[in-house]
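Step one of this worksheet: look at the structure below.
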Amino acid sequence: MMKCFDTYYSRFNVAEAHIPYPPDNDLHSIVVIPCFNEPDITIPLNALTQCAPTQFPVEIIVVVNSPENAPDIILKQNLETLLQIEQFAKTNTRNDIKIYSIHAPNLPRKHAGVGFARKIGMDEAVRRFDSIERKDGVIINFDADCTCNAQYLSAIESYFINNPKKEGASISFEHPKEGLPPETASAIAKYELYIRYFVEAQRYAGFPYAYHTVGSAFAVRAEAYAAVGGMNRRQAGEDFYFLQKIIPRMHYGEINDAVVYPSPRYSNRVPFGTGVSVEKICAQNGEYKVYNPAAFEILRRFFSTATAIRQGKMPDIDPILDDFLKLNDFYSHTQEMVDNSTSERTFMQRFFTWFDAFRMIKFLNYAHEEKMEKNEVEEAVKRLRSLTPSSATVQ
């Protein structure tokens with residue numbers, strides 16, 4: 001057992017090992033798939049086992065889960081899924097990919113959901129890497145309704161081998177639209193455009209932690225996962241909350257050669273996300289209004305003055321942001337930031353610890369509740385492009 005994982009085991013409710021079979025000594029990557037009431041788990045398993053060969057072995061762990069008092073029809077489906085996984089694993093002809101399942105029924109209803117399922121699988125991955133003393137092993141998050149491109153596994157492996165200091169990375173994604181009704185395809189396109197717009201708008205503003213936070217499209221090293229306390233048990237938004245602990249460590253990146261294809265299907269399991277957003281857009285006859293680029297321009301001007309704040313020169317601040325900062329006691333924290341910073345770098349770290357992703361979203365919501373009007377997504381993208389040519393990646 002490696003010391004770097006001892007604290008995690010003792011503090012964060014990590015279960016005993018589920019999988020009785022030892023991992024390969026040179027295991028590099030483990031794909032974790034939360035699975036609840038899925039009719040055909042062979043779809044993601046086929047996609048993964050058809051990927052191009054990797055240099056080192058890969059494991060796939062499917063966490064088949066259900067809450068306490070789940071309906072019999074769901075329990076029956078989960079048992080059928082476990083049989084599908086077992087049969088698929090037996091017929092899998094690849095020696096470099098091993099497939100396992102974890103059955104996690106009767107999870108406490110308070111916590112049961114995708115976050116808890118990811119935690120179970122990711123914790124198991126940590127134990128397996130620990131058993132072969134591989135603290136730099138890579139835990140990849142996937143979903144039971146996703147597929148991927150042929151380079152998915154090899155591209156992720158290459159990225160972490162070639163970037164040994166990277167602790168995690170967001171993976172490219174693209175929602176498939178072929179064969180869908182025109183209004184659904186249009187809604188998916190608008191939702192995906194917004195996701196990309198939101199990250200590019202943050203980058204335009206100068207926010208240093210602007211990355212995609214899609215649950216089925218990120219990877220993290222085992223040691224970093226344990227260092228931040230592991231995955232949470234949130235029933236929705238678990239990916240965003242977890243990555244806000246990883247990204248600010250400043251060893252995070254993007255993998256563009258690996259591509260995840262998330263399902264565009266509707267789901268009522270979570271209060272937000274692709275399915276819910278697509279249904280909402282369709283119900284609004286294709287209208288989809290998003291944050292006004294002007295709000296990011298306000299943030300850009302404010303973030304660019306952080307050095308002046310450290311020097312005791314409080315700049316002119318847009319009135320709506322000034323009101324928000326006063327409501328959130330920003331000005332009472334500025335002297336503390338200065339007093340506890342020995343350099344501009346440490347000041348900026350403290351600055352963005354205070355003005356983190358959560359507070360940025362709070363400001364955006366506050367600004368649009370008070371004075372700003374949201375823009376139709378295409379108009380927002382057009383306006384962002386007019387502000388900076390670098391936003392050409394929003395498409």
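The values are calculated or read from the model by the stated rules, or taken from the named source; none is laboratory data. Please read all numbers here as calculations on a predicted model, not as lab measurements. Positions of Cβ are generated from backbone atoms using ideal geometry, with glycine treated the same way; all protein chains shown enter the neighbour counts.
Every residue in the range 203-228 that is among the polar types (S, T, N, Q) and free of Cβ contacts under 8 Å to residues at least 60 places away in the same chain, please. Steps first, answer last, please.
Here is the first cut: in the range 203-228, the residues among the polar types (S, T, N, Q) are 213, 216.
The one that is among the polar types (S, T, N, Q) and free of Cβ contacts under 8 Å to residues at least 60 places away in the same chain: 213.
Return only the number of the condition from (1) on the phi < 0 side of the Ramachandran plot; (2) without any contact (Cβ under 8 Å) to a residue 40 or more places away in the chain; (3) exposed (fewer than 12 other Cβ atoms within 10 Å of the Cβ) that residue 358 does not satisfy.
Residue 358 satisfies all of (1) on the phi < 0 side of the Ramachandran plot; (2) without any contact (Cβ under 8 Å) to a residue 40 or more places away in the chain; (3) exposed (fewer than 12 other Cβ atoms within 10 Å of the Cβ) except (2).
If you check residue 34 against the conditions, is it in the same structural domain as residue 127 (by TED's automatic domain parsing) and part of a loop (DSSP other than H, G, I, E, B)?
Details: in the same structural domain as residue 127 (by TED's automatic domain parsing): yes; part of a loop (DSSP other than H, G, I, E, B): no.
No: the conditions fail for residue 34.
Let me confirm something: among 112, 125, 52, 117, which residue is part of a loop (DSSP other than H, G, I, E, B), among the small types (Gly, Ala, Ser) and under 19 Å from the mean Cα position of the chain (by Cα)? Please lay out each step first, then the result.
Working: 125 fails: part of a loop (DSSP other than H, G, I, E, B); 52 fails: under 19 Å from the mean Cα position of the chain (by Cα); 117 fails: part of a loop (DSSP other than H, G, I, E, B).
From the options 112, 125, 52, 117, the qualifying one is 112.
Does the range 93-101 contain at least one residue that is part of a loop (DSSP other than H, G, I, E, B) and without any contact (Cβ under 8 Å) to a residue 40 or more places away in the chain?
yes
Determine whether residue 219 is buried (at least 17 other Cβ atoms within 10 Å of the Cβ), in contact with a Leu (Cβ under 8 Å, 6 or more places away or on another chain) and at pLDDT 95 or above. Working first, answer last.
On the way: buried (at least 17 other Cβ atoms within 10 Å of the Cβ): yes; in contact with a Leu (Cβ under 8 Å, 6 or more places away or on another chain): no; at pLDDT 95 or above: yes.
For residue 219, the condition - buried (at least 17 other Cβ atoms within 10 Å of the Cβ), in contact with a Leu (Cβ under 8 Å, 6 or more places away or on another chain) and at pLDDT 95 or above - is not met.
Does the range 295-344 hold any residues that are charged (D, E, K, R) and free of Cβ contacts under 8 Å to residues at least 60 places away in the same chain, and which are they? Show your work before the answer.
As a first pass, look at the range 295-344 and keep what is charged (D, E, K, R): 297, 300-301, 310, 313, 316, 318, 322-323, 326, 329, 336, 339, 344.
301, 310, 313, 316, 318, 322, 323, 326, 329, 336, 339, 344 - these are the residues of the range 295-344 that are charged (D, E, K, R) and free of Cβ contacts under 8 Å to residues at least 60 places away in the same chain.
Can residue 123 be described as of a type in the set (Asp, Glu) and buried (at least 21 other Cβ atoms within 10 Å of the Cβ)? Give the steps one after another, and end with the answer.
Numbers: of a type in the set (Asp, Glu): yes; buried (at least 21 other Cβ atoms within 10 Å of the Cβ): yes.
So residue 123 fits the description; yes.
Condition test on residue 292, is it touching an Asp or Glu at 6+ places or on another chain (Cβ under 7 Å) and over 21 Å from residue 247 (Cβ atoms)?
Details: touching an Asp or Glu at 6+ places or on another chain (Cβ under 7 Å): yes; over 21 Å from residue 247 (Cβ atoms): yes.
So residue 292 fits the description; yes.
Tell me, please, whether a residue that is in contact with a strand residue (DSSP E or B) (Cβ under 7 Å, 6 or more places away or on another chain), more than 20 Å from residue 220 (Cβ to Cβ) and touching a residue at least 60 places away in the same chain (Cβ under 8 Å) can be found in the range 58-80. Working first, answer last.
So the first thing to find is which residues in the range 58-80 are in contact with a strand residue (DSSP E or B) (Cβ under 7 Å, 6 or more places away or on another chain), and the list is 58-68, 74-75, 78.
Of the ones still in play, those that are also more than 20 Å from residue 220 (Cβ to Cβ) are 64-68, 74-75, 78.
Checking the rest, the ones that are also touching a residue at least 60 places away in the same chain (Cβ under 8 Å) come to none.
No, the range 58-80 contains no residue that is in contact with a strand residue (DSSP E or B) (Cβ under 7 Å, 6 or more places away or on another chain), more than 20 Å from residue 220 (Cβ to Cβ) and touching a residue at least 60 places away in the same chain (Cβ under 8 Å).
Mind listing whichever residues of the range 55-77 are assigned to a strand (DSSP E or B) and among the hydrophobic types (A, V, I, L, M, F, W, C)? Before you say what the answer is, go through the steps one by one.
To start, the set of residues in the range 55-77 that are assigned to a strand (DSSP E or B) comprises 58-67.
Within the range 55-77, 58, 60, 61, 62, 63, 64 qualify.
Conditions (1) of a type in the set (Asp, Glu); (2) closer than 24 Å to residue 159 by Cα, marked per residue:
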{"residue": "25", "(1), (2)": "no, yes"}
{"residue": "45", "(1), (2)": "no, yes"}
{"residue": "58", "(1), (2)": "no, yes"}
{"residue": "80", "(1), (2)": "yes, no"}
{"residue": "89", "(1), (2)": "no, no"}
{"residue": "94", "(1), (2)": "no, yes"}
{"residue": "101", "(1), (2)": "no, no"}
{"residue": "104", "(1), (2)": "no, no"}
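Any chance the range 20-31 includes a residue that's assigned to a loop (DSSP other than H, G, I, E, B), surrounded by fewer than 18 Cβ atoms within 10 Å (Cβ to Cβ), within 24 Å of the chain's Cα centre (by Cα) and touching a residue at least 40 places away in the same chain (Cβ under 8 Å)? Before you say what the answer is, go through the steps one by one.
First pass over the range 20-31, keeping only residues assigned to a loop (DSSP other than H, G, I, E, B): 20-28.
Subset that is surrounded by fewer than 18 Cβ atoms within 10 Å (Cβ to Cβ): 20-22, 24-26.
Within this subset, residues satisfying the condition of being within 24 Å of the chain's Cα centre (by Cα) are none.
Within the range 20-31, not a single residue is assigned to a loop (DSSP other than H, G, I, E, B), surrounded by fewer than 18 Cβ atoms within 10 Å (Cβ to Cβ), within 24 Å of the chain's Cα centre (by Cα) and touching a residue at least 40 places away in the same chain (Cβ under 8 Å).
Considering only residues that are surrounded by 15 or more Cβ atoms within 10 Å (Cβ to Cβ) and assigned to a helix (DSSP H, G or I), which ones fall in the range 365-377? Can you show your working first?
Start the filter on the range 365-377 by keeping residues that are surrounded by 15 or more Cβ atoms within 10 Å (Cβ to Cβ), which leaves 366-368, 372, 374-375, 377.
If the condition is that a residue be surrounded by 15 or more Cβ atoms within 10 Å (Cβ to Cβ) and assigned to a helix (DSSP H, G or I), then 366, 367, 368, 377 are the ones that fit.
If I ask for residues that are closer than 13 Å to residue 37 by Cβ and among the β-branched types (Val, Ile, Thr), which ones from the range 77-118 would you list?
Once the filter is applied, which keeps residues that are closer than 13 Å to residue 37 by Cβ and among the β-branched types (Val, Ile, Thr), the range 77-118 yields 81, 114.
Among the numbered criteria (1) at pLDDT 90 or above; (2) surrounded by fewer than 12 Cβ atoms within 10 Å (Cβ to Cβ), which single criterion is violated by residue 332?
With respect to (1) at pLDDT 90 or above; (2) surrounded by fewer than 12 Cβ atoms within 10 Å (Cβ to Cβ), residue 332 is out only on (1).
Restricting to helices (runs of 4 or more DSSP H) lying wholly in the range 223-340: which have 3 or more residues that are in contact with a helix residue (DSSP H, G or I) (Cβ under 9 Å, 6 or more places away or on another chain) and of a type in the set (Phe, Trp, Tyr)?
Numbers: elements: 238-246, 274-283, 293-303, 306-310, 319-327, 330-339.
Qualifying helices (runs of 4 or more DSSP H): 238-246, 293-303.
Pick from the range 46-93 the residues that are surrounded by fewer than 17 Cβ atoms within 10 Å (Cβ to Cβ) and among the hydroxyl-bearing types (Ser, Thr, Tyr): which of them is modelled with the lowest pLDDT?
It comes out as 93.
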